Each structure stands twice: as C-alpha cells, then as structure tokens.
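Remarks on the structure that follows.
The values are calculated or read from the model by the stated rules, or taken from the named source; none is laboratory data. What you see is a predicted model, and the numbers here were worked out from it, not measured in a lab. When we count neighbours, we look across all protein chains shown, and the Cβ atoms used for this are built from the backbone with ideal geometry, even at glycine.
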Amino acid sequence: MKIKFCGAAKIVTGSCYHITTNNKQILVDCGMFQGRKEITKLNYEPFKFNPKKIDYVFLTHAHIDHSGLLPKLKKEGFKGKVFATTATKDLCKIMLEDSANLQVREISYENRRRRRNGLPEREPLYQVKDAKSIMSSFGKILYNKTYRITEGIKVRYRDAGHIIGSAIIELYITEKNKEKKIVFSGDLGQWDAPIIRDPTIIETADYVLIESTYGDRLHEDIGIRDDLLLKYVKETYKKGGKLLIPSFAIERTQELLYAFNKLIKDGKLPNEKIFLDSPLAIKATEIFKKHKEMYDAETLRKYKDPFNFKNLKYTLATEESMKLNKLKGPHIIIAGSGMCTGGRIRHHFKHGIWDPKNTVLFVGYQAEGTLGRHIIEGEKKIRMMGIEVAVKADIKKINSFSAHADANELIKWVLGFKKKPKKIFIVHGEEKSTIAIKSKLDKEGFETYIPELGEELTIK
C-alpha cells in the first residue's frame, strides 16, 4: 500500500491523500488550495494522480480546502463514488456551487486584464455544471457504522467535532490477509464547544494522519468567549460604531449566532440590530437546522432553534447588503468571507475599516497571504477592490471561537490511543505548527513524520 500527500503537507490547505492498494485507488479529501498566490496556483496544476483511475473518495467534511476540487476531479474523468455524511453532502451542494460561481467571476475579471495585456484567456477551474455533476456521485455514510466498500476495504466515520457532519475516518485495508487500520483525523474541533458533539477518541490505529493547524499555540478558555464578545460589542457601541465580523459561512457563523442568542436570552446584550450578511452562511444555517440529530445534548436541551432570535436579520439580496453601509448607529454585521479574501465583508471594510469608531473582530484562522492575516498583523493600509483604504478601526480577535483543536487538545486526542500507532504523519499545518506538534508527540514517545507536498510513502 502506498500513500501520496497531494495537499495539506506543510501547509494548511488543499487536503488530499492518495492511497493505492488492492488494485484500487482511493482519495481522502480533494481540497482546494487557498491563501497566497503561489499556493492558489497549485489548483491549476494537474492532479498528482489520474482522476479517471480513482475508485473512491472519502470526504472528512465540506470545507472548501477539503472538498473544493471535487468538481475538477469530476470534470477530468472521475467516475467513482464519493462517501460523506448526510450533512456534509448537503453542505457540499451549496458550497461547491458557490465555489464554481466564484471561479467564473474571478476568471472573468482576470481575463479582462489578460486581454488588455495581449495575453491568452484562461478557463475557470470548473463551472456550476461540474459542481452539480459531482453531487450525483455522493453516497451516504452514517456515524459509527462500519461499511464494507469492496473486497479488502472497510471504512467507519466518527465525530470530529469540527463542523456539522465532520468526520474522523477509520480506513481498514486488507492486503495479503493482513489488515491495517489508517486513521485520518480530518480537522478536529474543540472539546466543550457548542452545537455539535465533541471529537471521538479513537483507541486503535496502525497509522495516523493528524492535522496540526494550531499545533504551536493554545486557545483562550472556551468559557470566556461570550464575555469577550460582549466586551467588544459594548466597547463599539460606546463609541457609536459598528462591529464588523468576518466569518466562515459554516460553523463559525452558527457559533456566533448561538453566542448572540445566549447573550440576548441572558439579558446581557444591548437591544441593537444584528445582520447576517452572507447568502452562503444563511443557506448553511438552514442546513444546520435540518440536521438536529448532530447537535450535542446541551443544544437540544436549551434551544428549539439556536439560530433564530430577536433583532437578527438575514440579508440575502445585494440591495439589502448595500443599504447596511448607510445604516447609522451601533449595529453588528457578520459577513463572509472568513479570511476576507472575497465576499461582502470587503465592501463593509471599504465603508468602515477607516473609521476609528468601528471594530473589526476576527473569530477564525487567517492563512498566510490573506487580507485577514495582513490586517491582524498590523497593516495600516490595505488594498482591495482597486483602492487603498486606511485601517483605523479597532482590530480585535477571539481565538476561542476556533473550530480547530489547539495544541493541548491535539495531544489529548492522540493520547487516547491505547497502543501507540506505528507512525503518526503530521499534516494540515504551517511548518512551524507541524514542527511544534511533532516535538510534543516525540516527547510522548510516538514515532512521527512530517511529509513533503507530493511525497509518496510505502505503508508496510
């Protein structure tokens, strides 16, 4: 058996692992590369395998850095099956179509520039028809049930606690009458986070691939996130400003809505308007409402609908979004994209990041090279939408909203194995994060390895 690391090796994006065994070829995830230009260029390179020869794709969750190249895979000849939880399938339907529309818009802008410069035009990575086409390849997977996919290949999905429908994948491969178990952590969530269940502790594995997004740092105590959120709201309101929150459409937005709902319910939040200004996040929230079977016990006990409350307004139409820029008085706007690489948040920055009365609150990871990362690192001026804008708003961050486990939680998960795996491959992290978590695991006596992008290894 061989495994090739086709993405998320010494970087936090483009998750894709290619396994060859028993005359079958398997992918775990098929994600898009996001972030700085030299990284996103990888999306246009040929796959490090032949799409026509891939038999199965096992998808950990719906985030674009894990699912975003599935339409390209289909476009280039994939005829196999994609396995995912029901919530992941529902989310992929909206996210992949949204991604396709984004590809078309971006390539349209780029081609105008290329024509002016006398350069040949480019095609988008894929179009909406490709995103729709891949959905017909999806099969349903339930948590905690072992499926025999074909002779010598079994799979089981376990809760990852990252986003709704996210999974740890236990892959059982039998070769020459000997079974090996490979565990793919996917993206692991935090323990005790609201809405969905905690990550499952896995007790046995021969080999493990573990994410390391936050392998070099610790989050704030999850119990203080509501207090910090309230603090920044009150500080902004006192100045008469607006609170702008760039947020990922899936999980982060829903956790924010949950937190605001709780603050309002407890009588702590001022009676001001909260706008969810993201069509994708609005659609995703409806999917969350559809999959209550994936909520944790506390959410089911406390809330009939955790994402609907007084003073919350969804703004779907572009005209509604534009009107928000003329709104006076304190208010809160939640908008995508989470890393400020596109979406309506950039328009709100254009109209408000230059105003010291306002606050920009980051609640998620900002990859290298993204606009969000530049702002957090203290850029005084940013360039977007063809203009330069001064950054004078207060810039704040709450780390405890992260959907990723921190260093201690990653170690906690690994220590759940009753017997040490033969080897742990550390993936899905910037180099300093992978090195940090490797050092911690090495001290615990684990055999670890940090693979290179494109590296292929034989699993014995």
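Summary table below
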| read-out | value |
| --- | --- |
| Test result for K10, touching a helix residue (DSSP H, G or I) at 6+ places or on another chain (Cβ under 6 Å), surrounded by fewer than 24 Cβ atoms within 10 Å (Cβ to Cβ), basic (K, R) and assigned by TED's automatic domain parsing to the domain that holds I450 | yes |
| Given (1) basic (K, R); (2) at pLDDT below 95; (3) farther than 17 Å from E106 by Cβ, index of the condition K41 fails | (3) |
| Criterion: touching a residue at least 12 places away in the same chain (Cβ under 8 Å), out of contact with any Cys (no Cβ under 9 Å at 6 or more places or on another chain) and assigned to a helix (DSSP H, G or I) - qualifying residue of V208, V233, V183 | V233 |
| Whichever residue in the stretch 352-378 is assigned to a loop (DSSP other than H, G, I, E, B) and closer than 26 Å to L327 by Cβ and, among such residues, is modelled with the lowest pLDDT | G364 |
| For K313: the one exception among (1) part of a strand (DSSP E or B); (2) within 22 Å of the chain's Cα centre (by Cα) | (2) |
| Among (1) of a type in the set (D, E, K, R); (2) loosely packed, with under 15 Cβ neighbours inside 10 Å; (3) in contact with a strand residue (DSSP E or B) (Cβ under 9 Å, 6 or more places away or on another chain); (4) modelled with pLDDT of 95 or more, the one test that E444 misses | (3) |
| Some residue of the stretch 225-237 being more than 22 Å from the chain's Cα centre (by Cα) and assigned by TED's automatic domain parsing to the domain that holds L59 | no |
| So K74, is it charged (D, E, K, R), in a loop (DSSP other than H, G, I, E, B) and in the same structural domain as I19 (by TED's automatic domain parsing) | no |
| Candidate set from the stretch 20-61 (those that are more than 17 Å from the chain's Cα centre (by Cα) and under 23 Å from G165 (Cα atoms)); member that is surrounded by the most Cβ atoms within 10 Å (Cβ to Cβ) | L27 |
| Residue, modelled with the highest pLDDT, within the stretch 263-310, restricted to residues that are small (G, A, S) and not in a helix (DSSP H, G or I) | S278 |
| The stretch 438-451, residues that are touching a helix residue (DSSP H, G or I) at 6+ places or on another chain (Cβ under 6 Å) and either in a loop (DSSP other than H, G, I, E, B) or of a type in the set (V, I, T) (or both) | T448, I450 |
| Residue count, the stretch 375-400 (criterion: under 26 Å from the mean Cα position of the chain (by Cα) and of a type in the set (A, V, I, L, M)) | 7 |
| Any pair with Cβ under 9 angstrom, 6 or more apart, that starts in the stretch 190-202 at a residue that is more than 14 Å from S402 (Cβ to Cβ) and ends at one that is of a type in the set (F, W, Y) and assigned to a loop (DSSP other than H, G, I, E, B) | D198/W191; I201/F417; I202/F417 |
| Criterion violated by S108 - all others in (1) touching a residue at least 12 places away in the same chain (Cβ under 8 Å); (2) among the small types (G, A, S); (3) surrounded by fewer than 19 Cβ atoms within 10 Å (Cβ to Cβ) satisfied | (1) |
| Any pair with Cβ under 7 angstrom, 6 or more apart, that starts in the stretch 254-266 at a residue that is within 20 Å of I163 (Cα to Cα) and ends at one that is among the basic types (K, R) | A259/R225 |
| Out of D90, D159, sole residue that is of a type outside the set (F, W, Y), surrounded by 12 or more Cβ atoms within 10 Å (Cβ to Cβ) and touching a helix residue (DSSP H, G or I) at 6+ places or on another chain (Cβ under 6 Å) | D90 |
